[in-house]
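Working notes for the structure below.
The values are calculated or read from the model by the stated rules, or taken from the named source; none is laboratory data. Because the structure is predicted, anything quoted here is derived from the model rather than measured. Heads up, the Cβs are rebuilt from the backbone with ideal geometry, glycines too, and the neighbour counts pull from every protein chain shown. In case anyone asks, the SASA skips ligands and DNA or RNA and just uses the protein heavy atoms, side chains included. Shrake-Rupley method; radii C 1.70, N 1.55, O 1.52, S 1.80 Å.
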Amino acid sequence: MSTQRRTVLAALVAAGLPLHKAFAADKIVLGFAQVGAESEWRAANTQSVKDSAKEAGIDLKFADAQQKQENQIKAIRAFIAQKVDVIAFSPVVASGWGPVLREAKAAKIPVILSDRSVDEKDDSLWVSFMGSDFTEEGRRAGRWLVEKMKDAKGTVNIVELQGTTGSAPAIERKKGFEEVISKDPKYKIIRSQTGDFTRAKGKEVMEAFLKAEGKKINVLYAHNDDMAIGAIQAIEEAGMKPAKDITIISIDGVKGAFEAMIAGKLNVSVECSPLLGPQLMQAVKDLKAGKTLPKRIVTQEGVFPMEVAAKEFPNRKY
Ligand code: AHR
């Protein structure tokens, strides 16, 4: 136990608290406002945050916003009222956070952005942003496609399933992918619509794409694995072979995607790690110890094509 913690405990006991209550009162309190439970990725992220808080002895106040910004704002305001030590959240969309972040700053509660960024100009409103580089993930998806299709003659027709409208991963994954494919005019995005990062929506929108474009579709680019998995079902129901008649690229690298790749139904998944819990708890402890956090902590990730899926599967943690 650190000297600092020993001193706090001694003071609490001296103030008349029984030892077990003094231990509880001394815990760091973290308020975490989660996006929701929209995907396999999100479930793994929630688990990682909960497990790591337990392991680190941090008192976690967890709120599930059910993919609604107003719920996340409400949760953050409740954390401010409860005077938690640190607030962390994964913003469902990128814009509209200025007022609540200013309230947290006025209350002197540090905020950590976990997984997704906000598009506020004043970066003093948060102490650190930890998570993936979504633009780079989009580029990785684009580079994989360009390499695979380098000998293809004629137009390559792409349909795109976007993530939640206005969310950082949807905006940036689109941007990174387009940056790469736009260098060659043979690549054309013929349809692009949101599937809200869910399997059900991914299937529904893919059905509409197939109805409108049918066999013209050469490639599906899905901003996450869940939407790709939903779309695979739609492709099969339309009597086509996923990963053969239509090349499928998605992002996350969840177990469901590996299973689809092993079954020969998904061509590649670009990794996006949800296992942010341990570094978040470390950051919370560092903050409480008076340390300054790096403003940006980028997660290191890879690309997994179907050819390596069976070998990699046993190593997957989410
Ligand atoms: O913000 C990360 C994204 O959100 C993941 O790619 C997606 O699956 C999730 O819902």
Compare Asp122, Asp59, Asp226 in a GNM of the chain, Cα atoms joined below 10 Å, and give the one with the largest fluctuation. Asp122
Compute, for Trp144, the solvent-accessible surface of its heavy atoms (probe 1.4 Å) with the complete set of protein chains present, and express it in square angstrom to the nearest 10. 50 Å²
Output the 0 to 90 degree angle, nearest 10, between the alpha-carbon long axis of helix 3-14 and the longest principal axis computed from the alpha carbons of the chain. 50 degrees
If I fit a long axis through the Cα atoms of helix 199-213 and take the longest principal axis of the Cα atoms of the chain, what angle between them do I get, 0 to 90°, rounded to 10? 20 degrees
Cβ-placed point charges (K, R +1; D, E -1), dipole of the chain about Cα centre in debye, nearest 20: 480 debye
Taking the Cα centre of segment 89-139 as origin, work out the dipole magnitude from +1 charges on Lys and Arg Cβ and -1 charges on Asp and Glu Cβ, in debye rounded to 20. 240 debye
Could you tell me the largest-minus-smallest coordinate of the C-alpha atoms of segment 134-272 on each of the three principal axes, in descending order and whole angstroms? 34, 33, 28
Two-decimal log10 I(q)/I(0) for segment 200-266, as the Debye equation yields it once each C-alpha is a single scatterer, q = 0.18, 0.19 Å⁻¹: -0.55, -0.61
Sorted from largest down, what three extents in whole angstroms do the Cα atoms of segment 159-212 have along their principal axes? 33, 28, 13
Within the chain, what whole-number % of the accessible surface is contributed by carbon and sulfur, with the 1.4 Å probe and all protein chains included in the calculation? 53 percent
Could you give the distance between the Cα centres of segment 91-113 and segment 254-271, to the whole Å? 36 Å
Ratio Rg/Rh [Cα only; Rh per Kirkwood] for the chain: 1.05
To the nearest 20 debye, what is the magnitude of the charge dipole of segment 134-272 about its Cα centre, counting +1 on the Cβ of each Lys and Arg and -1 on the Cβ of each Asp and Glu? 500 debye
Return the whole-Å distance between the Cα centroid of segment 36-51 and the Cα centroid of segment 122-149. 20 Å
Largest to smallest accessible area among Asp225, Asp85 [probe 1.4 Å]: Asp85, Asp225
Accessible-area order (highest first, 1.4 angstrom probe) of the listed residues Asp286, Asp115, Asp133: Asp133, Asp286, Asp115
Compute, for Phe197, the solvent-accessible surface of its heavy atoms (probe 1.4 Å) with the complete set of protein chains present, and express it in square angstrom to the nearest 10. 10 Å²
Rounded to the nearest 0.05, what FRET efficiency is calculated for Ala78 and Asp245 with R0 set to 45 Å and r the Cβ-Cβ distance? 0.35
Count neighbours as other Cβ atoms within 10 Å of each site's Cβ, and list the trypsin sites (Lys or Arg not before Pro) in segment 111-168 that are DSSP loop with at most 12 such neighbours. Lys121, Lys150, Lys153
For the chain, set up a Gaussian network in which alpha carbons nearer than 10 Å are linked by springs, and say which option among Ser117, Ser182, Ser192 fluctuates the most. Ser182
Please determine, in degrees from 0 to 90 and to the nearest 10, the orientation of helix 225-237 with respect to the longest principal axis defined by the Cα atoms of the chain, where the helix direction is its Cα long axis. 30 degrees
